[in-house]
Structure formats: C-alpha cells, structure tokens
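Have a look at the structure below before the remarks.
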Amino acid sequence: MNAPAKDATALFVAPGLEDAPLNQWWVAASREEVGRAPLSRQILGRSVVLYRTEAGEVAALPDRCPHRFMPLSQGWLIGDRLRCAYHGFEFGPDGRCAHIPSQGVVPGTMRIRPYPVVEHGLWVWIWPGDPELADPALLPPDYSRPGYDSFVHFQASVKCHFLKLQENLLDSTHPTFLHEGMFDDGELANSPQKVEADERFIRLTRETQPQLPNEMTAQSFSLPRDQRAVRAVICEGHAPSRNVVITRFTFPDRPDAPPHELISELPVTPANGKLCYQWWASISSYPLRDTDGMTTIFRHAMNQDIVALELIEDRIAEGDPAAIEISVRADEAALRWRRMVRGMAQAGPAATAGATLRASEA
C-alpha cells in the first residue's frame with residue numbers, strides 16, 4: 001500500500017468547517033490539560049492525540065494508528081513512544097513507528113504526520129494545516145500582566161458553529177438581558193459603541209455613565225458600593241481563534257484610585273461543523289474577595305451562553321427558508337468578524353502571507 005499523499009491531511013476540509021482557516025494557530029488545550037496520559041481532542045475535524053514527552057515537551061499526532069486506525073489515545077506511553085492498544089505498534093513524537101512486536105523490520109511507510117504544536121501563554125496551540133506554513137510569529141500576543149491575579153480557568157464544549165460562539169463574545173449588548181443582573185446594571189446595551197478593526201483584529205468598546213454599582217456587580221468586580229464607577233467593556237478578537245473581554249472600572253470621584261481591571265481570555269476552537277470548544281481564563285488587577293464565588297458566577301454565565309447558542313443552532317438546523325437573519329447596528333463587530341474569518345478561510349495559505357498582529361488593549 002502506498003503512503004498517503006504528503007498534503008492529504010493539510011488539504012482536508014471537514015464538512016461544516018468551510019469557514020475555519022486551516023493554516024492558522026488554534027488552541028488544542030490548556031497547558032494543564034496535557035500530561036503523560038494521552039489526551040484525545042478533535043480539532044477542525046481532525047482527531048488528535050496530545051501528550052508530553054519525558055522532557056515535558058508537547059507532542060501532537062493524528063489519533064489513529066496507520067495500521068488499522070485504532071485511536072492511539074486508547075494506548076499508553078512507553079518512554080516517549082505511544083503504544084497502540086490494538087497490536088502494540090509504537091510511535092515516537094515525530095510520528096515514525098519505532099517498534100512492531102510481530103516483526104523485526106519497520107516499514108518506512110509506517111508513520112503518521114505530527115502536527116506543529118507550540119506552548120504560548122496559557123495554551124497549547126496547534127497548526128492543523130500545511131506544517132511548512134506554521135509560523136510562531138503568527139501566534140496572538142500573550143495577554144498576561146505582571147502583578148495580576150489569576151483565578152478562573154475552565155473549558156466547555158458547545159454544540160454550535162464556532163463563528164456563532166465567537167460572535168457572542170463580540171456582542172456586548174446581550175449581557176444586559178441574557179446575564180441580567182450579573183455583570184451589568186442595565187446600562188451597557190444602551191451605551192454608545194466604538195468599533196476598530198484591521199486585517200486580523202477587531203475591537204468593540206462600550207462605556208457607561210458614572211453610577212453606583214449594584215450588589216452583584218460590586219461582588220463580581222470587588223467594587224466599593226458607595227463610589228460611582230465608569231465601566232468600559234472592551235471585546236477584542238484576534239482572528240481566527242482568540243477572543244478577549246476586558247472590563248475596566250474607573251472612579252471619577254477618586255481620580256487617584258487605580259482602575260479595577262478584569263481580563264478574560266476566551267479562545268474558541270471548532271471540533272467539527274457542529275461542536276466547538278471554549279476555554280475561559282481570567283486575571284484581575286485588584287485583590288479578589290471570593291475567587292470561588294467568581295468562578296461560580298462565570299461558569300453560570302458561560303452556561304447561559306451555551307444554552308442560548310445551542311437553542312439558536314436548533315432553529316438554524318430546521319432549515320426554514322423563511323427564516324432570514326436580520327442584523328442591527330449593534331452587530332457591527334460580530335458581522336465584521338464573520339467576514340474577516342471567512343475571508344481568511346477562503347484565502348487559504350495566502351492568509352498567512354505578510355500578516356501582522358496587534359497587541360491587546362490591556
């Protein structure tokens with residue numbers, strides 16, 4: 001049997017993922033998720049197995065033995081080799097078969113193509129397309145800040161198209177209603193918006209008038225109840241795979257007081273055309289009163305988003321020809337993001353040429 005064509009995996013586009021650029025970096029896992037136990041994850045329709053070598057480096061291989069396609073994630077590690085649970089074939093981090101128990105000679109064709117993988121910031125990033133185009137310079141900037149406290153870190157699976165989830169993270173009007181009373185005093189949706197964008201980056205900013213925070217807002221952001229605050233909500237998208245939401249409070253009656261800033265990094269990666277992953281990690285510039293309580297609040301907010309997005313996906317799946325999406329002015333950032341990511345997917349390898357990255361507002 002002939003070896004598969006070199007570019008077969010790099011060119012494969014999974015059904016429903018025509019809008020997902022292949023030749024880009026996507027988050028495969030958080031750093032903490034990848035260890036010495038094989039981790040299976042589907043990335044843009046590709047089943048991938050991730051693990052750490054004895055030296056602590058991350059390896060990413062197709063999650064199938066080329067012998068009979070048994071998922072390698074069902075096997076176990078022998079040193080740096082991943083042993084298939086079906087017939088005991090062993091594969092190194094480079095994808096080459098190093099041992100076949102039933103014969104002494106290993107055919108040169110008995111190999112799988114490893115995926116380029118990089119640890120950057122809090123995440124393990126994978127390049128599912130052409131490995132020759134994988135450039136770490138295209139990774140989005142690290143958002144960590146010296147002196148900030150880290151307190152939230154979790155992951156969820158969402159049964160919706162990945163663009164719908166990303167657009168949700170570029171929509172600062174829905175918290176007033178979907179997350180009523182949690183992050184907003186009712187003013188955010190009515191606040192003026194400003195949208196900035198370039199070829200791979202978009203930023204939406206809203207700012208409220210000075211007001212006293214309600215109890216939930218004060219608890220969520222460690223604010224004094226007796227001081228007026230101006231809230232700025234900045235939603236950023238680093239195409240095609242990372243969203244950042246920055247909530248910043250300043251105190252007009254105390255101009256010398258440092259701002260209270262919360263930065264949440266929210267990468268989104270499509271598993272396939274109907275399922276995607278979202279991670280959530282937050283840092284704050286101020287001491288936290290109740291980290292467990294904050295984590296509970298944020299998990300609840302994510303669950304509210306998941307319920308809404310999956311209900312929306314159900315309606316889309318009905319395929320009613322009379323159902324036409326009608327957008328309004330507040331959707332500007334989400335619509336520009338949709339066009340941006342789709343344009344990158346349609347451009348193919350050309351989307352990586354001459355690309356420049358923009359630093360976060362934070």
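When you go through Ala351, Ala308 one by one, which is the residue that is surrounded by 14 or more Cβ atoms within 10 Å (Cβ to Cβ) and at pLDDT 95 or above?
Working: Ala351 fails: at pLDDT 95 or above.
Going through Ala351, Ala308 in turn, the sole match is Ala308.
One line per residue, one yes/no per condition, for (1) closer than 17 Å to Pro175 by Cβ; (2) under 23 Å from the mean Cα position of the chain (by Cα):
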position	(1), (2)
Pro287	no, no
Gly293	no, no
Ile297	yes, yes
Asp305	yes, yes
Glu313	no, yes
Asp320	no, no
Ala323	no, no
Val328	yes, no
Trp337	no, yes
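Would it be correct to say that Arg46 is over 16 Å from Gln155 (Cα atoms) and more than 20 Å from the chain's Cα centre (by Cα)?
Here the answer is no, as Arg46 does not meet what is asked.
If Gln155 satisfies all but one of (1) at pLDDT 95 or above; (2) closer than 30 Å to Ile283 by Cα; (3) polar (S, T, N, Q), what's the number of the condition it fails?
With respect to (1) at pLDDT 95 or above; (2) closer than 30 Å to Ile283 by Cα; (3) polar (S, T, N, Q), Gln155 is out only on (1).
Given the range 129-208, what strands (runs of 3 or more DSSP E) lie entirely inside it while holding 1 or more residues that are buried (at least 20 other Cβ atoms within 10 Å of the Cβ) and of a type in the set (Lys, Arg)?
201-207
With farther than 28 Å from Arg200 by Cα, surrounded by fewer than 14 Cβ atoms within 10 Å (Cβ to Cβ), among the basic types (Lys, Arg) and free of Cβ contacts under 8 Å to residues at least 24 places away in the same chain as the only criterion, which of Arg289, Arg315 stands out? Outline the logic, then answer.
Working: Arg289 fails: free of Cβ contacts under 8 Å to residues at least 24 places away in the same chain.
Only one candidate passes the filter, namely Arg315.
How many residues, within the range 187-219, are among the small types (Gly, Ala, Ser) and out of contact with any helix residue (DSSP H, G or I) (no Cβ under 6 Å at 6 or more places or on another chain)?
Keep residues of the range 187-219 that are among the small types (Gly, Ala, Ser), which gives 189, 191, 197, 218.
Going one step further and asking which of them are out of contact with any helix residue (DSSP H, G or I) (no Cβ under 6 Å at 6 or more places or on another chain), we end up with 191, 218.
Total satisfying the criteria: 2.
Within the range 54-78, track down each residue that is under 17 Å from Cys97 (Cβ atoms) and among the β-branched types (Val, Ile, Thr).
Within the range 54-78, Ile78 is the sole residue that qualifies.
Can you tell me which residues in the range 25-43 are outside any strand (DSSP E or B) and within 20 Å of the chain's Cα centre (by Cα)?
Trp25, Arg31, Glu32, Glu33, Val34, Gly35
Do we have any residue at all in the range 45-52 that's more than 30 Å from Asp142 (Cβ to Cβ) and in contact with a strand residue (DSSP E or B) (Cβ under 6 Å, 6 or more places away or on another chain)?
Looking for residues that are more than 30 Å from Asp142 (Cβ to Cβ) and in contact with a strand residue (DSSP E or B) (Cβ under 6 Å, 6 or more places away or on another chain), one finds none in the range 45-52, hence no.
Can you run down the residue pairs with Cβ atoms below 7 Å, 6 or more apart or on separate chains, where the first is in the range 195-224 and at negative phi and the partner is of a type in the set (Ser, Thr, Tyr)?
Within 7 Å, the pairs are Leu204/Ser172; Arg206/Ser172; Arg206/Ser191; Glu207/Ser191; Thr208/Ser191; Phe221/Thr247; Leu223/Thr217.
Going through the range 57-66 one residue at a time, which ones are more than 14 Å from Ala37 (Cβ to Cβ) and crowded, with 17+ Cβ neighbours inside 10 Å?
Hits for the range 57-66 are Ala60, Leu61, Pro62, Arg64, Cys65, Pro66.
Could you tell me which residue of the range 240-293 is farthest from Leu335 (Cα to Cα), considering only residues that are in a loop (DSSP other than H, G, I, E, B) and of a type in the set (A, V, I, L, M)?
Going through the range 240-293, the residues in a loop (DSSP other than H, G, I, E, B) turn out to be 240-241, 251-259, 273-274, 285-290.
Going one step further and asking which of them are of a type in the set (A, V, I, L, M), we end up with 257, 288.
Working: Ala257: 37, Leu288: 35 Å.
If we take residues in the range 240-293 being in a loop (DSSP other than H, G, I, E, B) and of a type in the set (A, V, I, L, M), then Ala257 is farthest from Leu335 (Cα to Cα).
Among the residues of the range 67-85, what is the count of those that are crowded, with 21+ Cβ neighbours inside 10 Å and part of a loop (DSSP other than H, G, I, E, B)?
Matching residues across the range 67-85 total 2.
Please indicate, with yes or no, whether at least one residue in the range 39-50 is loosely packed, with under 15 Cβ neighbours inside 10 Å and modelled with pLDDT of 95 or more.
Checked against the condition, which is being loosely packed, with under 15 Cβ neighbours inside 10 Å and modelled with pLDDT of 95 or more, the range 39-50 yields at least one hit.
So for the range 110-126 (the condition being more than 19 Å from Ile283 (Cβ to Cβ), of a type in the set (Asp, Glu) and either in contact with a strand residue (DSSP E or B) (Cβ under 6 Å, 6 or more places away or on another chain) or outside the structural domain of Ala345 (by TED's automatic domain parsing) (or both)), does at least one residue qualify?
Scanning the range 110-126, I find no residue that is more than 19 Å from Ile283 (Cβ to Cβ), of a type in the set (Asp, Glu) and either in contact with a strand residue (DSSP E or B) (Cβ under 6 Å, 6 or more places away or on another chain) or outside the structural domain of Ala345 (by TED's automatic domain parsing) (or both), so the answer is no.
The values are calculated or read from the model by the stated rules, or taken from the named source; none is laboratory data. In this text the structure is predicted, and so the values were computed from the model without any measurement. So basically every Cβ, Gly included, is an ideal-geometry build from the backbone, and we count neighbours across all protein chains shown.
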